[in-house]
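The structure appears right after this line, and notes come after that.
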Amino acid sequence: MKTIAVLTDFSKRAENAARYALCLAEKIHADIKLYNSFFVPSEDPLSAQIAWPMEDYEALKRESLHQLELFGAKLKKEYSVGMTGTFKPAIEYECHDGNFNTYLKGLEAEKDTVLLVIGDHEKGMSTWMTGNHLDEIIDQVSLPVLVIGEHQKFQQIDKIAFATDLNTGDIEQIHSLAGLAGTFNAELLIVHIADEKYDDLELQYKVDTFLSDITSKIDFAKIYYRRVKSIDVGHGLNWISEHGQIDMLVMVHRHKTFLQNLFKSSFTKEVAATIHLPLLIFPSPAYAVPVF
């Protein structure tokens with residue numbers, strides 16, 4: 001059974017992300033698995049320098065699991081009233097001690113997991129999802145990561161925009177994304193952001209080659225292409241988000257591409273907050289893209 005993993009620290013942003021994930025799970029016929037990472041002071045490198053009270057590991061774990069169960073029950077109650085579809089996602093729970101990044105590889109090993117959902121970053125929060133943790137998750141995980149803002153509510157997805165530098169390595173991710181778009185009968189808009197000074201003949205050749213590869217490998221009729229002229233990728237993405245009538249923005253995370261600056265410290269969270277849209281990030285290289 002397909003599963004959507006949801007990381008939660010019980011903050012409002014994380015709870016909202018879980019609600020979005022639950023609605024999405026209903027549409028794609030997937031179950032939900034809630035994860036929480038609880039902190040054990042004795043395992044902190046600085047704990048020896050601080051007079052920590054004695055903490056009972058099992059008590060901390062029970063409390064974390066109890067909070068997960070309460071939140072899961074709350075979600076179940078909400079969707080039993082608000083959801084009208086015939087499929088009802090099952091909700092499971094799992095908690096770990098310490099930094100959750102330690103357990104990402106184990107999560108990825110669960111073959112049925114197709115997506116990891118997290119809330120965006122809120123400056124000043126002292127939880128395990130603060131600081132560079134969001135960036136670390138995006139850097140380390142080999143699953144697609146869906147970042148949901150605090151005020152983003154689930155709605156019908158009619159158009160998904162996929163930002164690309166026309167790298168043929170993106171074809172696999174587009175193929176996977178076509179499955180998600182097909183579930184909603186949505187359009188899939190391929191967006192390339194390029195400077196006006198870019199050689200039009202050279203660009204057109206790359207576009208034609210890229211779209212030809214898509215046509216030959218992906219059987220999905222509602223794929224369209226649009227070039228956005230901008231010298232700044234961030235500005236181009238903001239423009240297409242504001243004027244393109246899209247419901248989700250999708251990118252591929254690479255370490256050495258024109259998108260690299262988007263994934264420097266905290267910028268991913270800044271993009272997600274600025275565009276006010278769900279931001280889906282595919283890893284690259286894609287060792288195993290999910291089937292939605």
**Q.** Unmet criterion (only one of (1) at pLDDT 85 or above; (2) outside any strand (DSSP E or B); (3) over 27 Å from Gly179 (Cβ atoms); (4) not hydrophobic (A, V, I, L, M, F, W, C)) for Tyr93
**A.** (2)
Q.
Restricting to the range 169-191, give me the number of residues that are in a helix (DSSP H, G or I) and among the β-branched types (Val, Ile, Thr).
A. 3
**Q.** Single residue of Leu279, Leu237, Leu259 found to be within 27 Å of Gly182 (Cα to Cα), crowded, with 19+ Cβ neighbours inside 10 Å and modelled with pLDDT under 65
**A.** Leu259
Q) Which residues, taken from the range 146-199, are β-branched (Val, Ile, Thr), surrounded by fewer than 21 Cβ atoms within 10 Å (Cβ to Cβ) and farther than 23 Å from Lys217 by Cα? A) Ile157
Q) Which residue pairs have Cβ atoms closer than 9 Å, lie 6 or more positions apart in sequence or on different chains, and pair a first residue in the range 205-223 that is assigned by TED's automatic domain parsing to the domain that holds His175 and within 15 Å of Glu187 (Cα to Cα) with a second residue that is among the small types (Gly, Ala, Ser) and surrounded by fewer than 16 Cβ atoms within 10 Å (Cβ to Cβ)? A) Phe220/Gly182; Lys222/Gly182
Q: For Ile231, indicate whether it is β-branched (Val, Ile, Thr), under 22 Å from His175 (Cα atoms) and either modelled with pLDDT of 90 or more or outside any strand (DSSP E or B) (or both).
A: no
Q | Among (1) polar (S, T, N, Q); (2) modelled with pLDDT under 85; (3) more than 24 Å from Leu143 (Cβ to Cβ) - the single one Gln245 does not satisfy | A | (2)
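Matching residues to (1) more than 27 Å from Met248 (Cβ to Cβ); (2) modelled with pLDDT of 75 or more; (3) touching a helix residue (DSSP H, G or I) at 6+ places or on another chain (Cβ under 9 Å):
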{"site": "Lys12", "(1), (2), (3)": "no, yes, no"}
{"site": "Leu22", "(1), (2), (3)": "no, yes, yes"}
{"site": "Phe39", "(1), (2), (3)": "yes, no, yes"}
{"site": "Ala51", "(1), (2), (3)": "yes, no, no"}
{"site": "Lys74", "(1), (2), (3)": "no, yes, yes"}
{"site": "Thr102", "(1), (2), (3)": "yes, no, no"}
**Q.** Unmet criterion (only one of (1) loosely packed, with under 13 Cβ neighbours inside 10 Å; (2) at pLDDT below 70) for His66
**A.** (2)
Q. If you go through the range 192-228 one residue at a time, how many are assigned to a helix (DSSP H, G or I), among the aliphatic types (A, V, I, L, M) and closer than 16 Å to His175 by Cβ?
A. 2
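The values are calculated or read from the model by the stated rules, or taken from the named source; none is laboratory data. Just so it is clear, the structure is predicted and the values come from calculations on it, not from any experiment. Positions of Cβ are generated from backbone atoms using ideal geometry, with glycine treated the same way; all protein chains shown enter the neighbour counts.
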